[in-house]
Amino acid sequence: MATLLVLTVFLPFVGSLVLFLQPKLEKKTARMTALITALVTLAFSLILTAVFKPDVTTPQFAAGAPGGPYGWNWLSGAKIQFALGLDGLSVWLFALTAVLQITAIFASWESITERPAHHYAFLLALETGLLGLFASLDVVVFYIFFEFTLIPLFFLIGIWGGPERRKASIYFFLYTLAGSLLTLLGVIALVAIHYQHSAGHVLTFSIPELTHGLANLKWPGWHSATSLTSPQVFIFLLLFAGFAIKVPMFPFHTWLPLAHVESPTAGSIILAGVLLKVGGYGLLRFNMSMTPLGAVYLFQFLVTLAVIGVIYGALTALAQTDVKKLVAYSSVSHMGFIVLGLFAMNPTGIDGAVIQMVNHGLTTGALFACVGVLYERYHTREMSELGGLWNRLPLLAFFLILSSLGSAAVPGLNGFVGEFPILAGMFAKNRTAAVLAATGMVLGAYYLLWMVQRVLFGPLREPHQHGDHAHAEVRPVGWHEIAGLTPLMVLIVLIGVLPAPFLARINPVIEPIAARLESSVPTTGGTPAPEVTHMNPAPAAVVARQGSR
Amino acid sequence: MPPTAAFTINFRDFYVLAPEIVLALWGLVVLLYDVGWLRKLPNASRQQKLGWITLLGVFGALIAAIHALMVRFNLYGMQELFNPAWMDFDRPEPVIFWGTLAGDLFTETINLFLILMLLVAIRLSMAWSFTDSWGEYFALILWSTVGMMLLAAAEELLTLFLTLETMTICLYLCTSFEKNKRRSAEGGLKYFVYGSVSSALFLFGLSLLYGLTGTTELYAIKMVFTPETGDSHIGLAGNVSGMTALLLMLVGFGFKVAAVPFHQWAPDAYEGAPAPVTAWIATGSKVASFVALMKVLLLGLAPWSNHMRDVATPGWVGVVAALAAASMTFGNLAALAQRNLKRMLAYSSIAHAGYMLVGVAAAGYSSRHSESAGSVLYYLIIYGFTNLGAFAVAAWLARDKDSDDISDLNGLGFQYPGLAVCILLLMLSLIGMPPLAGFFGKLYMFMEALNEKNPEGRLTMLWLVGLGLLNSVVSAFYYVRVLKAMFLRPAEGTVVAPAGPAIALPIVVGTVVALGFGIYPAPLVDLMKSAAVPMLDVSGELIGSSLERAMWNRARRAPTGPPTDVKLELPASVAPQAGSTAPQAESTPPPLLPGTGKGQGAASKKGGGMGKGAGKGAGALKKKGQGKGQDASKDAPPSDQPKTDSPTKDAEKTEAPKKNESGSDDLKKAAPKADAAKP
């Protein structure tokens, strides 16, 4: 299985290279090559998901024995290993990447006419970056994939994007790079601290070994957090810089709307669907697992940022007239929810956050794909110019409504499965934050339904077609668009109705992380214990359990 | 020692120097060929012919270097194949010509890389015709390389200065070779004026150092400064003359590596010089100067690095850290404002010098000298090859557009996608994006900087590394500008012609290096780390008088006083033996050039695991390296002290017990000898 995992990760890259070396390839051949590569990758990743053992907490499909070493020695001197493997945190995000890739390829099926071979090559390269990122078990390998994702997206936005594409791509590139270098500094610091203070001076870059070793470090200074310069808090902030920008959390979100609006549809789908999850995934994998005291110490600050993000994103989305911008700001709001769930620091909240990452990927991916369908036909995304499209494009209406409802967390659809435990978990931890965040949920339903109403209902309003499209009949939703969106719709409903199998694979990995977070709350003397924190775990946990089933 | 010791030349030493000798002679051949056979030919064909002839010589040097490397260090069993009796290869001497030059694995490796870079630079020079004095041009480039190679090998201050001058004087001339351009002359003049002033200051610093120690050999200098007790890091607190010498030397080195605030010449010289010369100044001379800088600081002045294991105490680590911070920040911020590709690369190379100075500071401060120094060397090699490629892009523009602004690159990605992707990879490697080699260079260097057990200095290093990473972000701004021009903007104005092999070669070579050593950096990293061991290990064959002088100088310093100040009066315990006339003793030092017989106290050296520890000499001094794998040398059997009448031995006797307890690595080498002398 280890071979299959490596194959899955690098297969898109092979496809990408093939497309790169054939720059003159026609549109049809290029997209077919890309589609076949992506489908095989999807099949492989589904096999991996199917044989994934739910109760195992150690990484699976790793090359080495369970318990490490997990991979092949890459840099022998520095103990850096090329180690790939999946565990409960990553397995669904891994599968999500493969699914959304299909949607992204179908979304650019007709719309990309300029240098299609390169477009698909970058898309596939991006997929390798993301798959590798979720599967890597070594910090250096993780970081390499993390940075590698920047380059294809930089070109996707910069070459095939909208009128402001150059600014958007550079903005995106530099913003993310700035944060990720701070993350790198934090990671190096973690490795160095582990090397200096672990029993026997173990130099390791392996993520599981670091997580385990840092928890049992023989250094009293490591296990207390009293000020901002305490090691765990300081390193937490370094790591946080990169991931918070990726998420994006409230003050670091400014690159997102620009990148989304200028990006081609495929880029938006992958960006919102998967790339933002890298932030949440990194927070959980590094910040919460390796420097839990930092999270505990900074609890108030982090939760404040998350709540502001939820409400600010929702209010800004309300004010948008551009459909794509609206969806982009809704991402800011929903990602705030996910971060809130992570910082609830109990199994309920973190469970919800992890499943919500998958859900948000599905719904937002679907929403962006729908916006792409609209834009391809009308070359505008202004809501004032659109209306009554239910009559014109009934299938699009179905997709848009379903994904909006999923995004608005209607019970029975997937958003509910994620957002309810998040709120329940947060409620157990901090009622004020939970209540404030709940208003974000209400606002979310408001702006999404408002968008649906303006675009789909009312009298038919269509903008003037210009250019080659003048007087052309509006194409009905094509087979490729249906093929791209249907899997997402199925999953939106499936997770909503039957979340248990999904949660069952996440839970075992969450429990120890949450246990460490919860146990470290009372032991730190200097932790600012906010008055609003009402520790009342038992009833809330019960509620949450019921909610998540 | 007997003053009549045979003054012998070991002819094997010439064999070790073969690459340098080939290059130096080939420069004459090129000159003669130019004024002789090629005189009548038109400029362009003369350039091509001479270029190929020059390349022939460089190939010869390359073969000599590879041959020497393989035979002397017995790679692939080459020694059995080629081992005439008079060569005596069983003993690869670490130093040649009485300790003035190193001939160890490290030097051979650096020579090899310098010749490879030279090959690329010469090929780049054949891209277009920017002068008509081609014979002089190629000869000067060859001779500057001889200077670089000898500079990297220098083990002694005088040789160091002479080779440094050989290198830079050739480069001053090359800079102003594009005679029909005023900028070229301006750049050359600025380079020359700044360079000669800084050379004078550098020489002053060297003379102060000689005055303080009485020796010019780096290893002997280290011995003089190493205190008998306690931590070998004594720093420079209160040592005004030492600080002056150090700062003056740093002026010289700072100029050569273009570190802020000695960088002012760089942008003008880089912009004015023809692109191939710029490439060679930015890569070859920087590599050689950095090697020399590291040798002087990490070997000779190691005891002055810092005091009490903290970065911010008096000592050169603090100064170098400050230079590093200033260079990184200023270089990157200034590069942001540039629209000209060559100027941008000039400022960026100032910033890269800053990154590497972080590594040098780390190597001076950390207890893992050789690993840290190895990571700097790795960065240096990667930097050299990628920058050659980057300057080749400037040469491309200069050839076809006669201007080298970044906007001239517009649309290149659509016209020449293959080379544009190569340039993309070069730029990403210079930013430090994984998985390219530039990333691993930064990763290793910064990791070594943080990998230090002492908590005092760690925070300072953390800030420095953090600043370095922030600077990488800043650098992304201007490197991405190149990418933006190439890929995101349409072509405009005149279009550049196809690159041709001369320009494509550096770009492709740089890309292969960036990509190859990015995906699999282990071989080069391991090579550089093992090469760094001999670089920081001996050096200077401490035969006879040199060592005596060193010991004597050390003995003059008070063993009981604070270890930081260099006192000139004699301590009470040593004074009777030393004779009552210290100045007289100083004025009649032992002869400078002692014999090299095997029976003399020849310092042996561990060649990074590859050289055979010779240790045949009767008075062999084993120097214990800092590397982990070198513990064996600690147990070297005590050998006979060479019979001398100097006061050194007695002084040693009294200090021996203290030294054994001190636990300092640097002192143990002398301990067995003293033990042997005691009973």
Rounded to the nearest 0.05, what FRET efficiency is calculated for residue A:56 and residue A:497 with R0 set to 25 Å and r the Cβ-Cβ distance?
0.45
Distance cut-off 24 Å, Cα to Cα: go down the list B:49/B:342; A:167/A:324; A:218/A:277 and report the pairs above it.
B:49/B:342; A:218/A:277
Restricting to Cα pairs below 8 Å that are 6+ residues apart, what does the relative contact order work out to for segment A:258-411? Please round to a whole percent.
26
Please report, for the Cα atoms of segment B:407-481, the Rg to one decimal and the Dmax as a whole number; what are they, in angstrom?
16.3, 55
In degrees, nearest ten, helix A:431-456 long axis to first principal axis of chain A (Cα)
10
Just reorder B:204, A:457 by solvent-accessible area, largest first, 1.4 Å probe, all chains present.
B:204, A:457
Normalised by the number of residues in segment A:110-191, what is the relative contact order in percent for Cα pairs under 8 Å and 6+ residues apart?
25
Enumerate the amide H contacts of residue A:60 below 5 Å, restricted to partners 5 or more residues apart or on another chain; note that Pro and chain-start residues carry no placed amide H.
A:86, A:87
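Once A and B are treated as a pair rather than alone, how much accessible area drops out, both sides summed, in Å² to 100, probe 1.4 Å?
Approximately 3500 Å², summed over both chains.
Which order do the peptides A:123-130, A:219-226 come out in when sorted by mean C-beta neighbours inside 10 angstrom, highest first?
A:123-130, A:219-226
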Let me see the P(r) profile for segment B:25-68: every Cα-Cα distance counted, bins of 5 Å, each bin given as a percent of all pairs.
6, 23, 28, 19, 11, 8, 4, 1
Summing -39500 (n - 2.57) over the DSSP H runs of n ≥ 4 in chain A and dividing by its residue number, what mean residue ellipticity at 222 nm do you reach, to the nearest 500 deg cm²/dmol?
-23000 deg cm²/dmol
Which whole-number value in Å³ per residue fits the convex hull of the alpha carbons of segment B:156-535?
118
Anything over 24 Å Cα to Cα? Flag those among A:28/A:246; B:179/B:484; B:190/B:256, in the order listed.
A:28/A:246; B:179/B:484
Non-local residues with an amide H under 5 Å from the amide H of residue A:345, with H modelled 1.01 Å from N and Pro and chain starts lacking one, are A:350
Relative to the longest principal Cα axis of chain A, at what angle does helix A:116-135 sit, 0 to 90 degrees, rounded to 10?
20
Along each of the three principal axes of the Cα atoms of segment A:20-178, give the extent in whole Å, ordering the values from largest to smallest.
50, 35, 26
Non-local amide H neighbours of residue B:154 (under 5 Å, H modeled in plane, Pro and chain starts lacking H): which ones?
B:102
Quick check: the angle from helix A:139-148's long axis to the longest principal axis of chain A, C-alpha only, nearest 10 degrees?
20
Can you figure out the FRET efficiency of residue B:185 with residue B:322, using R₀ = 25 Å and their beta-carbon distance, to the nearest 0.05?
0.15
Cβ crowding within 10 Å averaged over residues, with B:380-387, B:208-215, A:49-56 ranked highest first:
B:380-387, B:208-215, A:49-56
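Using a 10 Å cut-off on Cβ to Cβ distances, tally the other chain neighbours for every residue of B:465-475 and report the average as a whole number.
4
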If each of residue A:40 and residue B:14 carries a label point 7 Å out from its Cα toward its Cβ, how far apart are those two points in nm?
6.3
Given a Förster distance of 41 Å, the FRET efficiency implied by the Cβ-Cβ spacing of residue B:520 and residue A:401, rounded to the nearest 0.05, works out to 0.20
Among A:25-36, B:115-126, what's the highest-first ranking by average C-beta atoms within 10 angstrom per residue?
B:115-126, A:25-36
Chain A, relative contact order in percent, only Cα pairs under 8 angstrom and at least six apart counted:
15
Average partner coverage of B:429-439, which counts Cβ from other chains inside 10 Å
3
Where does chain A land on Rg(C-alpha)/(2.2 N^0.38 Å)?
0.93
Can you compute 3J(HN,Hα) from phi for each residue in segment A:351-356, using the Karplus curve 6.51 cos²θ - 1.76 cosθ + 1.60 with θ = phi - 60°, rounded to whole Hz and x for Gly and Pro?
3, x, 5, 5, 5, 5
Within 10 Å of each Cβ in B:477-483, the average number of Cβ atoms from other chains
3
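The values are calculated or read from the model by the stated rules, or taken from the named source; none is laboratory data. Being a predicted model, the structure only gives us computed values, none of them experimental. Cβ coordinates were reconstructed from backbone atoms using ideal geometry, including for glycine residues, and neighbour counts include every protein chain displayed. Just so you know, the surface numbers come from the protein's heavy atoms only, side chains and all, with ligands and any DNA or RNA stripped out. Shrake-Rupley method; radii C 1.70, N 1.55, O 1.52, S 1.80 Å.
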